[in-house]
1. Which fully enclosed helices (runs of 4 or more DSSP H) of segment B:56-153 have 1 or more residues being over 30 Å from residue B:238 (Cα atoms) and out of contact with any helix residue (DSSP H, G or I) (no Cβ under 7 Å at 6 or more places or on another chain)?
2. Suppose we keep only residues that are part of a loop (DSSP other than H, G, I, E, B) and closer than 20 Å to residue B:317 by Cβ within segment B:187-211. Which one would you say is farthest from the other protein chains (Cβ to nearest Cβ)?
3. Restricting to helices (runs of 4 or more DSSP H) lying wholly in segment A:51-126: which have 1 or more residues that are more than 24 Å from the chain's Cα centre (by Cα) and more than 30 Å from residue A:255 (Cα to Cα)?
4. Residue by residue through segment A:215-249, note down the ones that are more than 12 Å from the chain's Cα centre (by Cα) and over 19 Å from residue A:91 (Cβ atoms).
5. Among the residues that make up segment A:80-90, is at least one of them touching a residue at least 12 places away in the same chain (Cβ under 8 Å), more than 9 Å from every other protein chain (Cβ to nearest Cβ) and more than 28 Å from residue A:216 (Cβ to Cβ)?
6. Please verify whether residue B:50 is surrounded by 16 or more Cβ atoms within 10 Å (Cβ to Cβ), touching a residue at least 12 places away in the same chain (Cβ under 8 Å) and out of contact with any helix residue (DSSP H, G or I) (no Cβ under 6 Å at 6 or more places or on another chain), treating the condition exactly as stated.
7. Out of all the residues in segment A:173-182, is one or more at the interface with another protein chain (Cβ under 7 Å from one of its Cβ atoms), modelled with pLDDT under 90 and either within 24 Å of the chain's Cα centre (by Cα) or over 26 Å from residue A:227 (Cα atoms) (or both)?
8. Can you pull out the residues in segment B:112-152 that are in contact with a strand residue (DSSP E or B) (Cβ under 9 Å, 6 or more places away or on another chain) and over 27 Å from residue A:50 (Cα atoms)?
């Protein structure tokens with residue numbers, strides 16, 4: 001037995017029943033197993049088995065779309081952790097934010113979440129710039145460009161709804177300024193063009209108590225109801241829609257022929 | 001160095017800043033003598049200059065106060081990143097153009113037929129990218145605290161009150177437009193226009209590689225909207241708007257008491273009162289007739305005229321419907337600089353002013 005080389009601990013682990021029950025292919029040192037590594041993994045199989053070499057170049061993609069997706073995951077994880085500590089009520093919201101820094105060990109979760117959000121907005125813009133400059137929105141990728149535009153809008157909305165949650169002066173007034181625009185929506189805002197025409201007799205149908213801004217804020221001004229509404233949209237509503245659209249986006253990248261390249 | 005600071009403050013005033021940017025933008029993209037801008041050497045020089053400027057600016061208390069505001073730090077980053085990647089796409093594009101000029105395929109073509117296994121090559125790149133971003137975010141988060149101000153107080157309006165930074169371009173448009181246009185119509189049209197883009201772009205070339213020569217028109221239009229109108233409006237709205245939404249140069253102190261005379265005047269007042277020496281007519285349709293006709297003419301006559309002259313080629317290639325949609329979107333975009341100059345040169349407030357129905361253009 002002395003001439004048989006000792007197997008390393010890793011090799012032994014790799015040959016164990018546990019490992020083989022998870023990864024149903026041999027070590028990825030040949031083409032077949034490398035293909036299987038992608039095909040048999042639910043996360044990796046978002047990718048095709050092979051991609052164009054040109055599409056792999058960082059100078060071509062800038063990794064902007066991937067960065068955006070990664071930042072979305074960062075936001076999901078850090079956001080989940082923040083939800084443990086944060087209560088979306090006018091009474092507690094502000095002090096919970098203060099406590100995140102003062103009381104929570106390694107209290108940089110809110111920082112990561114906030115800077116990650118800013119970075120995500122920038123990354124998604126750069127991704128759009130890259131896709132535009134390589135003409136990748138052209139046939140057959142028109143539809144996926146549209147999904148991308150929607151995702152860009154959702155990214156901004158995610159960031160906007162999150163902006164209110166610290167419940168400080170910065171948050172409240174930024175959202176006040178932003179949501180004041182809804183007041184001017186044609187026909188739907190009480191200061192929008194055409195709204196004055198919508199009335200029955202002397203009774204206006206569009207008032208500060210039922211217009212687009214009211215629907216957005218659940219009130220006539222940014223108050224506790226708006227905080228709760230923005231919280232739910234921020235943590236559940238918009239991420240759900242974004243996740244569905246992302247699934248379509250990634251799937252369509254593959255169905256439309258993978259990362260774009262010259263025809 | 002006071003003269004330098006004053007000069008920069010003067011240059012950052014929107015009329016001068018945007019005039020300069022418009023000129024530089026079109027010259028950089030279209031003037032043959034400036035193609036050296038798209039070389040690595042030019043990139044290094046420009047970024048060194050930009051970096052030096054920011055570094056020097058940080059020695060000034062007013063500049064430092066506004067640039068190092070926690071939420072503004074990413075905007076400085078965005079400005080450099082947007083600049084770099086705009087340069088990079090043009091660098092790669094002009095390189096490809098030179099190849100195409102010699103009847104060679106674009107660089108991407110050399111490798112686009114070669115297929116590489118995702119494991120390990122792509123997975124490796126993604127992994128590295130994730131690690132780099134994680135490290136960057138953690139360092140950034142340790143050194144820069146997220147902002148927290150006083151508790152929300154509906155009775156105390158801060159001056160200035162600003163929207164989140166990515167909407168400051170829209171807020172900046174409020175200077176020139178009514179809220180229903182700046183806050184609802186134009187943002188909506190930006191989204192619609194972006195979504196319509198693949199369907200109204202008649203150019204089949206330049207799909208899947210960087211190029212400029214094959215897509216001059218598209219790139220100019222898009223970058224004008226993105227770099228000049230979107231990004232620069234955000235920069236203006238963030239760094240150059242202080243109390244009461246007044247303009248402040250980057251080295252100027254944000255003085256709440258700065259008084260800027262408001263002498264804006266509507267087109268109807270210019271026409272009826274100043275030119276005809278009559279009072280304003282009571283009927284709004286008569287009063288605003290001229291403005292309404294001008295706006296309608298802007299959106300109908302110009303497309304018809306251009307479709308027969310300068311854009312004849314596009315018109316024939318695209319057909320009526322697509323051409324009209326393209327022209328409408330373009331005219332909406334160009335209306336912003338037009339409105340800016342009307343304001344700066346003639347103090348024009350509204351071309352059509354019907355406050356009775358909240359309808360001002």
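The values are calculated or read from the model by the stated rules, or taken from the named source; none is laboratory data. None of these values were measured; they are calculated from a predicted model. Note that we place each Cβ from the backbone using ideal geometry, even for glycine, and neighbour counts take in every protein chain shown.
1. Details: elements: B:61-67, B:73-101, B:107-112, B:123-143.
Filter on segment B:56-153 gives B:73-101, B:107-112, B:123-143.
2. Our first condition is that a residue be part of a loop (DSSP other than H, G, I, E, B); within segment B:187-211, this holds for B:201-211.
So of that shortlist, the ones also closer than 20 Å to residue B:317 by Cβ come out as B:201-207, B:211.
Working: B:201: 7, B:202: 11, B:203: 8, B:204: 7, B:205: 8, B:206: 4, B:207: 4, B:211: 8 Å.
Checked segment B:187-211; the qualifying residue farthest from the other protein chains (Cβ to nearest Cβ) is B:202.
3. Details: elements: A:53-56, A:58-61, A:64-85, A:93-102.
Filter on segment A:51-126 gives A:93-102.
4. Here is the first cut: in segment A:215-249, the ones more than 12 Å from the chain's Cα centre (by Cα) are A:215-233, A:248-249.
A:215, A:216, A:220, A:233, A:248, A:249 - these are the residues of segment A:215-249 that are more than 12 Å from the chain's Cα centre (by Cα) and over 19 Å from residue A:91 (Cβ atoms).
5. To start, the set of residues in segment A:80-90 that are touching a residue at least 12 places away in the same chain (Cβ under 8 Å) comprises A:81-83, A:85-86, A:88-90.
So of that shortlist, the ones also more than 9 Å from every other protein chain (Cβ to nearest Cβ) come out as A:81-83, A:85-86, A:88-89.
Going one step further and asking which of them are more than 28 Å from residue A:216 (Cβ to Cβ), we end up with none.
Looking through segment A:80-90, none of the residues is touching a residue at least 12 places away in the same chain (Cβ under 8 Å), more than 9 Å from every other protein chain (Cβ to nearest Cβ) and more than 28 Å from residue A:216 (Cβ to Cβ).
6. Numbers: surrounded by 16 or more Cβ atoms within 10 Å (Cβ to Cβ): no; touching a residue at least 12 places away in the same chain (Cβ under 8 Å): yes; out of contact with any helix residue (DSSP H, G or I) (no Cβ under 6 Å at 6 or more places or on another chain): yes.
Against the criterion (surrounded by 16 or more Cβ atoms within 10 Å (Cβ to Cβ), touching a residue at least 12 places away in the same chain (Cβ under 8 Å) and out of contact with any helix residue (DSSP H, G or I) (no Cβ under 6 Å at 6 or more places or on another chain)), residue B:50 does not qualify.
7. There is no residue in segment A:173-182 that is at the interface with another protein chain (Cβ under 7 Å from one of its Cβ atoms), modelled with pLDDT under 90 and either within 24 Å of the chain's Cα centre (by Cα) or over 26 Å from residue A:227 (Cα atoms) (or both).
8. Within segment B:112-152, B:147, B:148, B:149, B:150, B:151, B:152 meet the criteria.
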